[in-house]
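Written below as structure tokens is the structure these notes are about.
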Amino acid sequence: MGTLLFEWNYSSYPGAEKYPHLFKPIQVGKLTIPNRIKYAATEDNLNGKDGFVTDAGVAYLRERAKGVVGGLCVMQGVYMDEKRQGQGYVGQAAAWDDKFIPGLKRLADAIHEQKAVAGCQLMHCGRVGAIETEYCQGPSPVPQRLRIFRPVQEMTKADIKQCIKEHLDATERLLKAGFDYLEISGIVGYLLSNFVSSYTNRRTDEYGGDIRGRMRFVVELVKEVKKLCGDVPVGIRLCADELLDDVGGNTPEESMITYEMSEEAGVDVMSVTAGWQESIYPVISRDIPMGSWLHLAERAKQHLTIPVSMAYRLFTPDLPNKAIGEGKLDIWEMCRPMIADPLMPKKVLEGREGEIRPCVACNVCLARLFRDAPMTCYINPVCAHEWDPKYEIKPAETSKIVMIVGAGPAGLECAWVAAERGHEVHVYDKREEMGGTIIEASKAPYGDDELYGQIRFARTMCEKNGVEFHLGTEVTPELIEEEMPDSVVLATGPKYSKGAAPGFDRENVVSVLDVLNGEVQVGDNVVVWGNMKPGIGVALFLAKQGKRVTIVGRESKLGKDVNPSFLWRYVGYLRQNKVTAYNDCDIEEISDEGVTVVTYDGYRIPVKADTVVVTEREANPALKDVVQENSIELFVIGDALVPRNLSSAVHDGYRIGIRI
Amino acid sequence: MAVDPEKEISSLWRALQGSQGATRRTFYQMRRALLEIAGPDANPLDVGVRAWEIVGKDTGKSYLPRMNLLKGIEGLMASVARAYQGLATTNGALVKIDKGENPKELFITWERCPWPTSAKEHGASMKEDLQGCDTYLQAFLDEVNAFLGTNLKIETHKAIPRGDGVCVRRLYNPEDK
């Protein structure tokens, strides 16, 4: 066996028994890693705009290092050139000068403090880089499919040599900072992938041509980095399938040649990835079933002798455990599951799987990065605030009796946080089941069932913290006056608003909740009133049953409450299911023939409809007055305050939970 | 439903034509502003053609997400031709696409186009109108070619500004000429 940096003994933990393959050591180069878990390098935009590491970045990574329980924790990729052409994110860490070493060392130290293996990554962003400059670099001046990127300048041979030198200089700095593992990123459209791909490399010199020519840059780079690294293992991230067949990208066979050549050049571990930012196919969103990409890891294993790791929709431990056991994978990588819950693998090890806050694969984390905003998470309110004591769950100064009205995502989140702080928390809901509107929302197609995971998590946390449930109990003014709690949190969800137009009182106007629960008959021609996420969800639910669906909504754009990195999936599915949408429109009348839609500028469109499904929502002020009249501390959260989305409900719940 | 379809459609049609006219007027008003700022030494032909090159390149860029080789070079040519057709139609032209004898050539015919008339109204030469349009279509195509590594060409056979009554352009792949 190779060098073992920290001793770990997992034998007494239930997770090691349940998932034996995840908690076995593995040798990577001359280093032995105690388990098969890796937090994969993820940009977070938490560094200074000058590339210096910040307290926020260190705290963020420290939590993830704690989570890997002795495994590999890799910091985000660094850019390596003073001109910043390799920089792809405003808050990306830099390593182009020795002045960055102290900050990088803070990251390595933070990982080591948790007895984890400290990894770092070199990441020149190539054709998706140059975020602060006018031109980006690439092997050939091929324009990007997306307009947001800078024009590409073809690299000269001198540029290539300089670029390799910058990689080597940065490697030296990262080694001085104390990292134990070094990775080179060649994925999703970054520089190495640009050289490798037939789509973006059209050079006729020795750095272009066939796949061996296109790999020359990678091979030269790996060999030089290996020489510098000595006993420190070197990994690489490369695409097993670029998913660029529509623009003449590499074949899967060519991708396997890149893997074999990387191993020949000396890499010690291969991180398998799929797709580019410019791919037209979805890869990691919720509509892609978990485990869909494991066949790529299996294929890589057939071509390599070095260990193979992979992330990409492996959100639950059973999948990688089985794959490792079957010899299809060696190391389980994670980004988003550990953004949502940094301690995810630790909880797996400790047999606390119910306490894992599950990622809902919405990609808001990525959407934020691409829009120059700091990392955030849809369902983890603490993400990127790990440094901030205001976000900590601290014991309450005075224990209170808290009545929470509504067992939806906002109410449950607030309940467990408040209970963990020492309050006596009672959750009421008129329904017998927990979950609020997520019960219905999770019945929509294309992976929305995963949304319910948030309810399972919150329920477990409530039970753990002694929250008392009063399900099937409608809270009335009399009940509040009888109980007289110290605080009331109204998390009652929204009111569904029918609109004022003639016809909204007809029998064929039904609630979205009743439709998704199958409690009403729906005709063949349906108008969905409301063009936000609830409208999209029910429209797809009905269209997949063969109904002709038209969405009508007042918002100027469809799905305003859905983040852009996921909205394109819904737009594609609506088109595929032939759903029409009239945005920036109102309903003027509902009659026997259907619905008269009126555009914002007064044009009228007749739409046939047997059924109108109401998804428009408004705030729900019920019970507010009675609470205030009795001088009880009052909080209104989630859709009851302002109808928004699951994320806002959870974040509201957490923020009030730590304040009560 | 109390909707008068004739009234709705005629109102929308008038609005569309008004918008098309405004687009053309705005182009020539911007051109005039440029010429006034540039002074008497500026060549109106150069200004007009350069403007169309910028429009063509930027429009081509915006169409890249819809361009691909999934249906081979013929599929790509059809996509480009349809893009030209859609853009021209939006601007008030009437355009048809015909297959040529060679399966890898398409003929695009502008049976009517409001741009030469607008050019005359704003004092631009027919030479500028034709050269501007050719440059616009070529710049669009250059962007697609750079993106996909193809070598599609377009050539003008007939032109309304030359008095031919229609514009006919041939879109082809020279490797299959």
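The values are calculated or read from the model by the stated rules, or taken from the named source; none is laboratory data. Computed from a predicted structure; not experimentally measured. No Cβ is skipped: glycine too gets one built from the backbone with ideal geometry, and neighbour counts run over all protein chains shown.
For segment B:143-167, how many residues are touching a strand residue (DSSP E or B) at 6+ places or on another chain (Cβ under 8 Å), within 24 Å of A:Tyr199 (Cβ to Cβ) and buried (at least 18 other Cβ atoms within 10 Å of the Cβ)? Result for segment B:143-167: 2.
Screening the candidates B:Ala146, B:Ala124 for the property of being among the aliphatic types (A, V, I, L, M), in contact with a Pro (Cβ under 9 Å, 6 or more places away or on another chain) and without any contact (Cβ under 8 Å) to a residue 12 or more places away in the chain yields one hit, B:Ala146. Filtering segment A:243-250 for residues that are without any contact (Cβ under 8 Å) to a residue 12 or more places away in the chain and assigned to a helix (DSSP H, G or I) leaves a non-empty set. When segment A:168-189 is filtered for residues that are more than 20 Å from A:Val28 (Cβ to Cβ) and surrounded by fewer than 24 Cβ atoms within 10 Å (Cβ to Cβ), the ones remaining, listed by number, are A:Leu168, A:Asp169, A:Glu172, A:Arg173, A:Lys176, A:Val188. Pairing residues of segment B:8-30 that are touching a residue at least 60 places away in the same chain (Cβ under 8 Å) with residues that are in a helix (DSSP H, G or I) and among the hydrophobic types (A, V, I, L, M, F, W, C), at Cβ distances under 7 Å and at least 6 apart in sequence or on separate chains, gives B:Arg24/B:Trp115. Scanning segment B:1-47 for residues that are within 14 Å of another protein chain (Cβ to nearest Cβ), loosely packed, with under 11 Cβ neighbours inside 10 Å and under 26 Å from the mean Cα position of the chain (by Cα) yields B:Trp13, B:Arg14, B:Gly18.
Here A:Val489 passes the criteria (1) more than 28 Å from A:Ala444 (Cα to Cα); (2) more than 31 Å from the chain's Cα centre (by Cα) except the one numbered (2). Looking at the structure I just gave you, is A:Gly15 within 21 Å of A:Ser271 (Cα to Cα), crowded, with 17+ Cβ neighbours inside 10 Å and modelled with pLDDT of 95 or more? Here the answer is no, as A:Gly15 does not meet what is asked. Here A:Glu17, A:Glu7 are screened, and the one residue that is assigned to a loop (DSSP other than H, G, I, E, B), out of contact with any helix residue (DSSP H, G or I) (no Cβ under 6 Å at 6 or more places or on another chain), of a type in the set (Asp, Glu) and more than 29 Å from A:Thr133 (Cα to Cα) is A:Glu7.
Yes/no matrix, rows are residues, columns are (1) of a type in the set (D, E, K, R); (2) without any contact (Cβ under 8 Å) to a residue 60 or more places away in the chain; (3) surrounded by fewer than 23 Cβ atoms within 10 Å (Cβ to Cβ):
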site	(1), (2), (3)
A:Tyr312	no, yes, no
A:Pro337	no, yes, no
A:Leu343	no, no, yes
A:Glu350	yes, no, yes
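Within segment A:55-83, residues that are at positive phi and assigned to a loop (DSSP other than H, G, I, E, B) have Cβ atoms under 8 Å from residues that are surrounded by fewer than 24 Cβ atoms within 10 Å (Cβ to Cβ) and among the hydroxyl-bearing types (Ser, Thr, Tyr) in these pairs: A:Val69/A:Tyr10, counting only partners at least 6 apart in sequence or on another chain. The set of residues in segment A:127-142 that are under 25 Å from the mean Cα position of the chain (by Cα) and within 14 Å of another protein chain (Cβ to nearest Cβ) contains only A:Arg127. Of all residues in segment A:638-656, none are surrounded by fewer than 22 Cβ atoms within 10 Å (Cβ to Cβ), at pLDDT 95 or above, part of a strand (DSSP E or B) and on the phi < 0 side of the Ramachandran plot.
Is it fair to say B:Ala159 is at pLDDT 95 or above and within 14 Å of chain A (Cβ to nearest Cβ)? So B:Ala159 does not fit the description; no. Could you say whether any residue in segment A:602-623 is assigned to a strand (DSSP E or B), within 14 Å of another protein chain (Cβ to nearest Cβ) and surrounded by fewer than 17 Cβ atoms within 10 Å (Cβ to Cβ)? Yes, some residue in segment A:602-623 is assigned to a strand (DSSP E or B), within 14 Å of another protein chain (Cβ to nearest Cβ) and surrounded by fewer than 17 Cβ atoms within 10 Å (Cβ to Cβ). Output the residues belonging to segment B:67-93 that are within 14 Å of chain A (Cβ to nearest Cβ) and either within 17 Å of the chain's Cα centre (by Cα) or touching a residue at least 24 places away in the same chain (Cβ under 8 Å) (or both). Scanning segment B:67-93 gives B:Met67, B:Asn68, B:Leu69, B:Ile73, B:Leu76, B:Ser79.
Filtering segment A:483-516 to residues that are of a type in the set (A, V, I, L, M) and free of Cβ contacts under 8 Å to residues at least 40 places away in the same chain leaves only A:Ala500. Across segment A:559-601, the number of residues qualifying as over 18 Å from A:Pro502 (Cβ atoms) and at the interface with chain B (Cβ under 9 Å from one of its Cβ atoms) comes to 1. Residue-level check: of (1) surrounded by fewer than 19 Cβ atoms within 10 Å (Cβ to Cβ); (2) in a helix (DSSP H, G or I), A:Ala396 misses just (2). Look through segment A:198-214, keep the residues that are more than 14 Å from A:Glu242 (Cβ to Cβ) and in contact with a Ser or Thr (Cβ under 7 Å, 6 or more places away or on another chain), and return whichever of them is nearest to the other protein chains (Cβ to nearest Cβ). Among those that are more than 14 Å from A:Glu242 (Cβ to Cβ) and in contact with a Ser or Thr (Cβ under 7 Å, 6 or more places away or on another chain), it is A:Arg202.
Among the conditions (1) of a type in the set (Val, Ile, Thr); (2) out of contact with any helix residue (DSSP H, G or I) (no Cβ under 6 Å at 6 or more places or on another chain); (3) assigned to a helix (DSSP H, G or I), B:Thr109 misses just one, which is (3).
When A:Thr476, A:Thr437, A:Thr460 are screened for being crowded, with 22+ Cβ neighbours inside 10 Å and either out of contact with any Phe, Trp or Tyr (no Cβ under 6 Å at 6 or more places or on another chain) or among the aliphatic types (A, V, I, L, M) (or both), only A:Thr437 passes. Output the residues belonging to segment A:245-279 that are on the phi > 0 side of the Ramachandran plot and within 14 Å of chain B (Cβ to nearest Cβ). Answer for segment A:245-279, where residues must be on the phi > 0 side of the Ramachandran plot and within 14 Å of chain B (Cβ to nearest Cβ): just A:Gly248.
Within segment A:117-128, at least one residue is at positive phi, crowded, with 24+ Cβ neighbours inside 10 Å and either among the hydroxyl-bearing types (Ser, Thr, Tyr) or touching a Phe, Trp or Tyr at 6+ places or on another chain (Cβ under 9 Å) (or both). A:Pro282 meets all of the listed conditions (1) within 14 Å of another protein chain (Cβ to nearest Cβ); (2) closer than 19 Å to A:Pro337 by Cβ but one, namely (1). Determine, yes or no, whether A:Tyr199 is over 22 Å from A:Ala108 (Cα atoms) and under 26 Å from the mean Cα position of the chain (by Cα). The answer is no for A:Tyr199. A single entry from A:Asp210, A:Asp205 fulfils the requirement of being assigned by TED's automatic domain parsing to the domain that holds A:Met261, of a type outside the set (Ser, Thr, Tyr), over 19 Å from B:Ala146 (Cβ atoms) and over 32 Å from the mean Cα position of the chain (by Cα): A:Asp210.
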